[in-house]
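Asks: Below is the structure I would like to discuss, written out as structure tokens.
The values are calculated or read from the model by the stated rules, or taken from the named source; none is laboratory data. What you see is a predicted model, and the numbers here were worked out from it, not measured in a lab. Reconstructed Cβ throughout: ideal geometry from the backbone, glycine too, with neighbour counts over all protein chains shown.
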Amino acid sequence: MKKDGGTAKTRNFTEFPLAKASYSLSVHDPRDLPRPGAPEIAFAGRSNAGKSSAINTLAGRRRLAFVSKTPGRTQLINFFSLGGDAFLVDLPGYGYAGVPGEVRQHWKELVGRYISERESLAAVVVVMDSRHPLTDLDLTLIDWLKESGRRAHVLLTKSDKLSKQAAQATLARVRQELGRLYPGATAQLFSSLKREGIAEAASVLSHLAAGKNKAPAKGE
Ligand code: GDP
């Protein structure tokens, strides 16, 4: 192992700078994505699963990612820079009842292409409400991640809404299912309200950001 920690892709994020998160840019069209650079950790999840709250909690900020949004409207990929060393990427939520077909199509195009093609994508955090994990759309997303060979970590949010025992049982069940669906994917409990699971998530993200990108470089 090299003493200097290696290149940008393999560096050791002993201090993953979540607290440095600042808004960088938003993209509506995959053609407008910035040139790939520092490793990106993307957050995806069913709308209302607690994704914005989780990003804010991890970054230690109240309104970095906006918590109250109009369902179906937010079809943007938002980038937050961590002091230039890495990016947190907020992918648009999915699974609203009554969302028009064209919005759904746009979501598939935007998120599907980002996941399958993005060279600087290091890993995807799949945010699920711990009371309703592994919905059909979560399974679709996990399929995409598996197809693209992306690293994946599941945050089971709002764990404060379950008893300790029920939360542990859910975690065990989700881990077991993931072992079948996509071995290597990891999972943990998380609560923005009770501020639980923050250290564990920060440590996992730091490892994921330090890992090598798995997607092949496209035609370069
Ligand atoms: P998003 O649509 O996935 O970004 O979800 P939000 O972060 O906007 O959260 C959706 C709703 O769940 C909001 O009313 C939040 O206040 C609530 N929520 C988010 N995280 C938690 C949590 O850890 N515990 C509880 N009890 N509620 C939460």
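Asks: So, in the range 161-184, of the ones that are away from the ligand (no atom under 16 Å from the Cβ) and either part of a strand (DSSP E or B) or touching a Lys or Arg at 6+ places or on another chain (Cβ under 8 Å) (or both), which residue ends up farthest from LEU134 (Cα to Cα)?
Replies: Initial filter on the range 161-184 (away from the ligand (no atom under 16 Å from the Cβ)): 165, 168-169, 172-184.
Filter once more, so that each one left must be either part of a strand (DSSP E or B) or touching a Lys or Arg at 6+ places or on another chain (Cβ under 8 Å) (or both): 181-182, 184.
Values: LEU181: 11, TYR182: 12, GLY184: 16 Å.
The qualifying residue farthest from LEU134 (Cα to Cα) is GLY184.
Asks: If you don't mind, another one. Considering ARG118, ARG131, which residue is within 23 Å of VAL174 (Cβ to Cβ), out of contact with any Cys (no Cβ under 6 Å at 6 or more places or on another chain) and at pLDDT 95 or above? Spell out the reasoning first.
Replies: Numbers: ARG118 fails: within 23 Å of VAL174 (Cβ to Cβ).
One residue alone meets the criteria, ARG131.
Asks: On to the next question. Considering each residue of the range 128-160, count those that are charged (D, E, K, R), surrounded by 14 or more Cβ atoms within 10 Å (Cβ to Cβ) and part of a helix (DSSP H, G or I), and give that number. Break it down stepwise before answering.
Replies: Narrowing the range 128-160 to residues charged (D, E, K, R): 129, 131, 136, 138, 143, 146-147, 150-151, 158, 160.
Checking the rest, the ones that are also surrounded by 14 or more Cβ atoms within 10 Å (Cβ to Cβ) come to 129, 131, 138, 146, 150-151, 158, 160.
Within this subset, residues satisfying the condition of being part of a helix (DSSP H, G or I) are 138, 146, 160.
Here the count works out to 3.
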